[in-house]
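Engineer: What follows is a single structure, and I will ask about it in a moment.
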Amino acid sequence: MNAKQRSLLEIHLAVFLFGLSGLFGKILALPAMIIVLGRAFFASAFLFILLLYLKKTIKLEQQKDYAFMLLIGMLLAIHWSTFFLSIQMSTVAIGLLTFSTFPLFVTFIEPCFFKEKILVSDIVTVIITFLGVILVIPEFEVGNHLTQGVLWGITSGFTYALLSILNRKYVKKYSSTVVAFYGQFNAAIILIPFLFLQKPVFQPNDILLLLILGFVFTGISHSLFIKGLRNIKTQTAGVISCLEPLYGIIFAAFLLGEIPTLREIAGGSVILGTVLYSTVKFSQYNRQ
């Protein structure tokens, strides 16, 4: 197996693990914020050990960078909390599909940060995507749990778009592993008060599941994804990432008995189709 094939395998394995992480929102009978606290704590511990092993410094160059890393941690805490809330309020399928709208938010937010053009085709893509979201919602009522799940999922996608843009800014200055460590660590610090506010009752296997979620489905998966990008184009990685909801939905059907409805399949196909188109077009535009 050559370097490119190995990197391709790493990207696929990382995306597979990303897709399955959503199932923990159903498996763990804990509040979403507590799940994220455990995930971020164990993931930051893994990344800290990895940085020590790689002999990389975690010291930042400027004081203001610590403030930005705190902002990244806050956005990460909100993103994951709303993601798991979406899954708990609705289904794994709805949570993953509505979160997948994040590239469309990037389309409109990114030009504000990097002074890039918004194309008419991008606006059309966003409209079609939200038509897909409407298909996923059986009936729009704020009191409906599925509707709430969709709204939380869209919020998760929006905050992840902001997070991606900030990461793009700082990944040029620091290694991806350092940025990821600060994001996870700060997210854990920010969420500690919820331990005292929500006073969760942990079952014997909850800590083990949170450790697996943090180490395997967060720390290792993100490390694999970053490592795979060394020999794989960002466009290819983006296309492979579109498989994330598919993996999650398939395993939710087999392990949790959550069979997606025809509306969810139709809406999901529209969302993933437009996201895939947007990913490929963005890569082609950047090569020009």
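Engineer: In what sequence, largest accessible area first, do H12, H79 appear using a 1.4 Å probe?
Structural biologist: Result of the area sort, largest leading: H12, H79.
Engineer: Given the whole protein assembly as supplied and a 1.4 Å probe, what does the accessible area of F225 come to in Å², nearest 10?
Structural biologist: We get 40 Å² for F225.
Engineer: Report the accessible area of Y277, computed with a 1.4 Å probe over the heavy atoms of all protein chains in place, in Å² rounded to the nearest 10.
Structural biologist: Roughly 110 Å² of Y277 is accessible to a 1.4 Å probe.
Engineer: Assuming R0 = 35 Å, can you tell me the calculated FRET efficiency for the pair L255 and K64, based on Cβ-Cβ distance, to the nearest 0.05?
Structural biologist: Once rounded, the FRET efficiency stands at 0.20.
The values are calculated or read from the model by the stated rules, or taken from the named source; none is laboratory data. This structure is a prediction, so every number in the text was calculated from the model and none was measured. Heads up, the Cβs are rebuilt from the backbone with ideal geometry, glycines too, and the neighbour counts pull from every protein chain shown. When the accessible area is computed, the model is the full protein with side chains, heavy atoms only, and any ligands, DNA or RNA have been set aside. Shrake-Rupley method; radii C 1.70, N 1.55, O 1.52, S 1.80 Å.
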